[in-house]
């Protein structure tokens, strides 16, 4: 009955592809940020000299690091929102996978957004309730192993009544 749903292995493969894609995007940004901060620090230190220049250089490095983390966070958030609006992350898309309703019919943006919010509830809750967010993250992390079961649904899929299928297996 659930044999056309996608189980743990292919979903893990899609998640790993997503991680690789994010690394390919974020590493150059990080290197540019680090390089710019170091160049500013060394340039300022050698141009001005003294303790004041060293302090300013450290402030510049710190500001650059904070900006780099913010830019990386925004890019990572935007990347996850691709699945929230289309029903497939780039990794899922490469593997030919798509989120749909549990009965195998096509999903809509409401289903995708609800699934995204539940799946990422740990990160979302971290903004307001850090302790609860850790618990939610842990629950949904281990809930991903439910895809090893007969129904091939992660905990967030079971709650939202969604599943992952090969794109060609989705009706409608």
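For segment 63-95, which positions are over 19 Å from the mean Cα position of the chain (by Cα) and either modelled with pLDDT of 95 or more or within 25 Å of residue 167 (Cβ to Cβ) (or both)?
Scanning segment 63-95 gives no hits.
Taking into account only those residues within segment 116-126 that are free of Cβ contacts under 8 Å to residues at least 40 places away in the same chain and assigned to a helix (DSSP H, G or I), which is nearest to residue 85 (Cα to Cα)?
116
Condition first: surrounded by fewer than 13 Cβ atoms within 10 Å (Cβ to Cβ) and within 19 Å of residue 5 (Cα to Cα). Now tell me which residues in segment 66-104 satisfy that. Spell out the reasoning first.
Step one: of segment 66-104, the residues surrounded by fewer than 13 Cβ atoms within 10 Å (Cβ to Cβ) are 66, 69-70, 73-74, 77-78, 85, 103.
Correct list: 103 only.
Looking at segment 94-111, I want the residues that are on the phi < 0 side of the Ramachandran plot and touching a residue at least 12 places away in the same chain (Cβ under 8 Å) and have a partner that is surrounded by fewer than 18 Cβ atoms within 10 Å (Cβ to Cβ) and in a loop (DSSP other than H, G, I, E, B) with Cβ atoms under 8 Å, at least 6 apart or on another chain. Which pairs are those?
Between residues of segment 94-111 that are on the phi < 0 side of the Ramachandran plot and touching a residue at least 12 places away in the same chain (Cβ under 8 Å) and residues that are surrounded by fewer than 18 Cβ atoms within 10 Å (Cβ to Cβ) and in a loop (DSSP other than H, G, I, E, B), the close pairs are 101/161; 102/161; 105/172; 106/172.
Would you say residue 129 is free of Cβ contacts under 8 Å to residues at least 12 places away in the same chain and surrounded by fewer than 18 Cβ atoms within 10 Å (Cβ to Cβ)?
yes
Going residue by residue through segment 127-150, is there one that turns out to be in contact with a strand residue (DSSP E or B) (Cβ under 7 Å, 6 or more places away or on another chain) and either under 22 Å from residue 16 (Cα atoms) or assigned to a helix (DSSP H, G or I) (or both)?
no
From the set of residues in segment 17-47 that are over 30 Å from residue 96 (Cα atoms) and exposed (fewer than 13 other Cβ atoms within 10 Å of the Cβ), which is modelled with the highest pLDDT?
Across segment 17-47, the extreme among qualifying residues is 31.
The values are calculated or read from the model by the stated rules, or taken from the named source; none is laboratory data. None of the values given here were measured: they were computed from a predicted structure. Methodologically, a virtual Cβ is constructed for each residue, glycine included, from the backbone with ideal geometry; neighbour enumeration extends over all protein chains shown.
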